[in-house]
Structure formats: structure tokens, C-alpha cells
1. Report the residue count in the range A:152-170 for those that are within 14 Å of A:Ile285 (Cβ to Cβ) and in a strand (DSSP E or B).
2. Restricting the search to the range B:117-162, which residues are closer than 30 Å to B:Ser195 by Cα and more than 18 Å from the chain's Cα centre (by Cα)?
3. Keeping to the range A:115-127, report how many residues are part of a helix (DSSP H, G or I) and in contact (Cβ under 8 Å) with a residue 24 or more places away in the chain.
4. Six or more apart or on different chains, Cβ under 7 Å: which pairs go from a residue in the range A:197-221 that's at positive phi to one that's assigned to a loop (DSSP other than H, G, I, E, B) and surrounded by fewer than 23 Cβ atoms within 10 Å (Cβ to Cβ)? Could you list them?
5. Among the helices (runs of 4 or more DSSP H) contained in the range A:315-369, which hold 1 or more residues that are hydrophobic (A, V, I, L, M, F, W, C) and over 21 Å from the mean Cα position of the chain (by Cα)?
6. Looking only at residues that are away from chain A (no Cβ under 11 Å) and among the hydrophobic types (A, V, I, L, M, F, W, C) in the range B:13-29, which one is most open to solvent (accessible area, probe 1.4 Å)?
7. Out of curiosity, is B:Ser58 under 30 Å from A:Glu75 (Cα atoms) and among the polar types (S, T, N, Q)?
8. Across the range A:230-286, which residue is surrounded by the fewest Cβ atoms within 10 Å (Cβ to Cβ) among those that are more than 14 Å from chain B (Cβ to nearest Cβ), free of Cβ contacts under 8 Å to residues at least 24 places away in the same chain and not in a helix (DSSP H, G or I)?
Amino acid sequence: MHKKWLIAPALVAVGALLAACSSGSSADGGGDEKVTITYGVWAGTQTPAMKEIAAAFTEENPNITVKVEERPWPEYWSTLQTGAAGGTAPDAFWMLAQQIQPYAEGNQLLDISDEIDKEGVDLAKYPKAVLDLYDQGDGKIYGLPKDVDTNAVWFNKAIFDKAGVAYPSADWTWDDYRETAKKLTDPAAGVWGTAAPIDYQSGYYNTIFQAGGQVIADDGKTSLIDTPEAQAGIKFWTDLQADGSSPTLQQLSDTEAETMFEQGKIGMFMSAAFWAPQLYANEEIKPNIDIAPLPIGKERATVTSGIENVGYAGTKHPDAVKKFLIFASGETAANIQAKAGAVLPAYEGTEQTWLDAMPDFPNLKIFVEAKEYSVPLPVQGNAAEWQGMQTKYLTDAWNGTATVEDATKQYADAIDKVLAE
Amino acid sequence: MIAPALIGLGALYLWPFISTFVKSFMDVPVFGAGEFTGVDNYTKLLGDEDFWRALGNSALYTGLVLLGVPIAIVLAALIEQAAKGRTIYRVLFFLPVVTLPVAVGMVWRFILNGDFGVLNYLLSLVGLPGEYWVADDRFTIYAFAVVGIWMGLGINLIILGAGLQSIPVELYEASALDGASRVRQFFSVTLPLLSPSVFFVTVLTTISALQMFDLVFVMLGSINNTALDGSKTIVYLFYEAAFVQFKQGYGAAIAIVLLAIIMIATAIQFRLQRRWVNYD
């Protein structure tokens, strides 16, 4: 009797394997057959907007249903990786420029250039910096940008008022930022002028470019993070730490900078636009929040990146997926996304919808204006690996136990090794 | 008739093991075929300071978590002796076992927070200085161990409790007649007869402690936690190599080395058991 119980699961497993192998040639949604495709995303705050986009797509294409699948960061990436290798990845999913290389090289992504031609998609509607980030130089197009992010300074007016400090002006400089941070800091009240974590995208990459430096050389073969310009960009942050104008790295490891900012403990928080919906929903802090552009170093600069919608090469419904990808990064979807306030859409001309969604943040337009002086996020080579080493090499500089010169030299050597692989 | 079960065993355990073993001698991109590079991964591993640090962290963690075994023995003995409420105690101690590690890690993260944590508040009440338990790599392994012991207590208590119940009551009665005290009974009757269960619990605890990953992942939170570099365990290093840095061959080599370490540790324990485990 109990032997049967052993056989049954084994049979089920074998049956599932056979089914998985034999269903490669079914319909693709172009015809009359009804198909369902899955769409993998990670940010919970954006899921409602993504579901709305999926519904709008089905309205136009009644035969294709899109199921939004949300997985939390960072499990999103390990699940995606095993899913792609095992043939169970979502049909369409979000991609980051830092991650695309192994997927593109491993032929895991759907080339949608034919559909782009067929539908007459105008690539000029998308930020060139973001398109370039995803360009693998193989003549294929794997996806289209869904959003774009730039950086600015979120600040808490109540903290400025209490300290009697004037709000940042549009053309403030690094020195102004440092002085302001000092003046806002009030240890007795548990308030710091700013937060200076080791954060590449929202932090020191911006100041490296502002100082006229670069993270990686144009040829993508060596790191320039140990050049005097880049070192100046990093000193911007270590100075803030040395001044005591920021919580220590330990404190920022325990409680993230954004959380501290929402708790009213941080005067100025340099970061991206994607915090807007969360801050807008926080009734307590919302009236105190305003936005200033990044301070100017030698020049103005902000790094920019964005999520792309891409498709899985192993999908059973490539035509349906291509259709959806173009829709999900298109104007209609961008407007849905903007209306939900979720994130600044990549599609040109939909920025105003995003601004209108959060009228109590009139200076949100600074994030849109920042596109004009934006620089693509450095993502050469195995970026996930060398960016992941930042705390290993830079922590001592931030803590003041190593010089910026020494720390960046060692970090540059380590990056060079990764780039050489 | 056992063929189906063997197929399942082969597909779910044997094949992944073989493929991991083969991959550990290859340079494998995330997708597609790799190329054989001989023992490259292993030589690189031996020269990788992160590996040695992780090995040290895993060893320290395992040693600390093994301190949970004597704690579990004493607790199990106390619970078995309790006149009332045995079931309630068992349930209370078992709760962490059936709670998601993610939830457990989050709660402990709040408790151990350097600025707002309950632990530091309690310490301040008795005049002791607080520390950044989960943001300073001098303390993180100890913080993991406390949580690890607490999480493992439930299972250990069940196993040890069952072992205690199988000790004949007559032995206690006889020793009491001979004038043995409670404490003397514990050391002369309970411990020797419980030793097979203690051995089993020790082996299980060692194996699971060497495989610890989830507490690092959950309790150190974001990638920006500067204590992470000094707090990685072997399995965390494996996760990072295979899933973050896209180096599957290197990850496979780490996994094989861990397997070897676990096998050696278990073999040593089996050898040593002859000296102290009593099967009579």
C-alpha cells in the first residue's frame, strides 16, 4: 500500500518534466488563442501601477492576459537567475543596467528590434543615456526604458527653520552644502545635517562627476577612481563624516538613511526621485519636505539610470511578450505610471503627468530638469561584482582610519582585476 | 520497487551534487556551458582572504551555537521535571523553530539596533554601554549565535525530551534509595543515559551551524551595511559568488569545500563518541 505513495510523486515529477519539454511549440498570442504571460517586478510601491498597465494592455489585446509577479529585493535577482537557467523565468521582467550583461551574453533575453521596427517605435522618445546603458554593442535591442532616475537633495524645512538656516539656493556649491550640514547638526536634539553613507548611485558617483572625474575609463578597461578628481568627489563625503555632520556608518548600517530622513533626524538627504511616492504618502513629514538640485562642484552633474522592461528568450509566447514590452514602456503605460506617482517615466512628454500627481511637491521638477546634466551610471564589465566591493575598500576612508588616496588606490586595483576578467 | 524512490533521490540529490562537483573545476558563466580550468577555483579560494575570514566566522559561530547544547540539556531536564505546564514550555520554546527566519531576523534586528534597540536600553538601565550589535563586525557573529541558539532550542528540546522520557524511572528510584541527590542523579543517571540523544543533537547542531546563511542575509539588512564584509559565513560567500557576482564555478568550489568540512567534522564527532556516548 505505502509503496504507491512513493510512486505517485515520482510519476508526477516525470510527468511535469515531460510536459515542460513538449510544450515548446504552442501558440504565441498573435492569433486567436488566449495566452497568459507573466511580468516580474520588485518594487512593491509600484505594483499597483504595474497591474494597471497590465490591465490596460489586455483591454487593447483581449487575447493576452498579463500576470504581475512581485518578488522582494534582493531575492528578485537570485530567483530570476535560477529561473532563467531553469526555464521558469517570468516572460517579461524588469532589468537593471548593472545586471544585464550576463543575461545578454548568455542569450537569455528576447531581441525585440524587429517588433520595434514593425511598430515604428521612436527611440528618440527615450533618454539616450539610459538606452546607452543597456546597449550591449551586439546590434540587438533587448528592451525599452520604463523609467529614469536622477538625483537631487531632499531636505526637511522644519530642521532648517529651527536652526535658522536659509534653504538651499539653486546654484549652491559643495562648500555651501558642507557649511549648511554643519549648521543643521544638533547632537543634543539627535539631528544631523545630512547623511553620508557609502552609496554609489545616490552618493559619491555624483560628486565624482561633479569634480570632473570618472569612475571607469571610457574604454571600460581601467578604473579612474584613484585619480585626483575622483578622490575629490569622494572627499566630499568623508569630509561630511569628519565634520560629524552625518550619522556614522554604523548608525547608517543599523537604520537606513532614508528611514532616518523620514524620522526627521536628517536635514538633507541626497537621493533619487523614486522616494517621492513614499515621502508623499507620509502625512507627518510631507509638509516639511522640499527639494533642491545637487550642489555644484567644478560642474553640475548627476548620474542617471533607469529600469528597462525586457523579455525572456525562453518564453513560449515571444510575439505576445514583444507586444507587451513595447506597450509597457510606451506612452499610455508611462502616463499610468506617472499618474500613480510611482516613478518618473522614461517616455518623453509624460513628465508633467508625474509632476501633477504630486502637486504638494512643486520642486519635484528639479528631478526632471536634472536630466539635462545627467551622466550614465558607470556599469562596465561585471558591475555587480566591482560595485559590491565598495564597502570593503572605502569603509576605512569614510571612518577616517585610511586616507582617501590609499583606499581609492586599492579599490581601483581591485576594480581593474574584475574588468580584466 | 524502490526504483521510483531512487530516481527521486538521484534527481534531487545525486545529480545536483555531481554537477556542482564538476562545475567546481570549471569557469562557468551564469548561462550556457563553461570551460574546464582544472583546480583554478580551488587555488583561488585558498588565496582568497575573504574565504579564510568566512571560514573563521563559520567556525566561531558553530562553536558558539554548540554552547546551546548544554543549555538545552539543562532546560530539557527542568521541563521534564516540571509538575505542570510541560506542554506550554515546549510550545514556547518550539515557536521560533516554526517562525520564518526572515521574521525572526527582522525582530532581532530591532532588538539589537544600536541607537533604538531594546537590548541597549536594558543595558543602559544597569549602567552598561550599548554596542552596535548588528552594525559592527566585532559583535555580529555573537549576535548571530544568540539568535541561532534561541532558534535551535525548540528542536533540541524535543529530541532531548524524548531521550529523557526513555530513561527508566526505576533507575531514579534505586539511586534515590542509595541516597543520591538530585544533582548527583543528573550527572550519574541522566547524562550517561541521555548521551546518545546529546550526541545526535550535537551532530545536527554542528551541521546546521556550518550551513548558516539566513541570519547574515536578514540581520545585516541592506548591502550598505558596512559590517557585512567582516561577518560573512561560508554559505554567504557561496551565495555571493554564485548569485551576485555570477561566478558559478567559484561558488561550486566553495560548496564542495564546505561539504568536505562538514564531512570531516561529522567523522571526528563519530570517532569521539566512542569515548563518551553510552549505548547500554
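The values are calculated or read from the model by the stated rules, or taken from the named source; none is laboratory data. Bear in mind that the values here come from a model prediction, so they are computed numbers and not experimental data. Positions of Cβ are generated from backbone atoms using ideal geometry, with glycine treated the same way; all protein chains shown enter the neighbour counts. The accessibility values were calculated without ligands, DNA or RNA, using every heavy atom of the protein model including side chains. Shrake-Rupley method; radii C 1.70, N 1.55, O 1.52, S 1.80 Å.
1. Here the count works out to 3.
2. As a first pass, look at the range B:117-162 and keep what is closer than 30 Å to B:Ser195 by Cα: B:141-162.
Answer for the range B:117-162, where residues must be closer than 30 Å to B:Ser195 by Cα and more than 18 Å from the chain's Cα centre (by Cα): B:Gly161, B:Ala162.
3. Residues of the range A:115-127 part of a helix (DSSP H, G or I): A:115-119, A:123-125.
With the extra rule that they be in contact (Cβ under 8 Å) with a residue 24 or more places away in the chain, the set shrinks to A:115-116, A:119, A:124-125.
Qualifying residue count, the range A:115-127: 5.
4. A:Gly212/A:Lys298; A:Gly212/A:Glu299; A:Gly220/A:Gln380; A:Gly220/A:Gly381
5. Numbers: elements: A:318-328, A:331-339, A:351-357, A:365-369.
In the range A:315-369, A:318-328 are the helices (runs of 4 or more DSSP H) which contain 1 or more residues that are hydrophobic (A, V, I, L, M, F, W, C) and over 21 Å from the mean Cα position of the chain (by Cα).
6. Pass one, the range B:13-29, residues away from chain A (no Cβ under 11 Å): B:13-26.
Among the residues that remain, those that are also among the hydrophobic types (A, V, I, L, M, F, W, C) are: B:14-15, B:17-18, B:21-22, B:25-26.
Numbers: B:Leu14: 104, B:Trp15: 158, B:Phe17: 91, B:Ile18: 76, B:Phe21: 92, B:Val22: 60, B:Phe25: 56, B:Met26: 26 Å².
Among residues in the range B:13-29 that are away from chain A (no Cβ under 11 Å) and among the hydrophobic types (A, V, I, L, M, F, W, C), the one most open to solvent (accessible area, probe 1.4 Å) is B:Trp15.
7. Details: under 30 Å from A:Glu75 (Cα atoms): yes; among the polar types (S, T, N, Q): yes.
Judged against the criteria, B:Ser58 is a match.
8. In this case the residue turns out to be A:Glu283.
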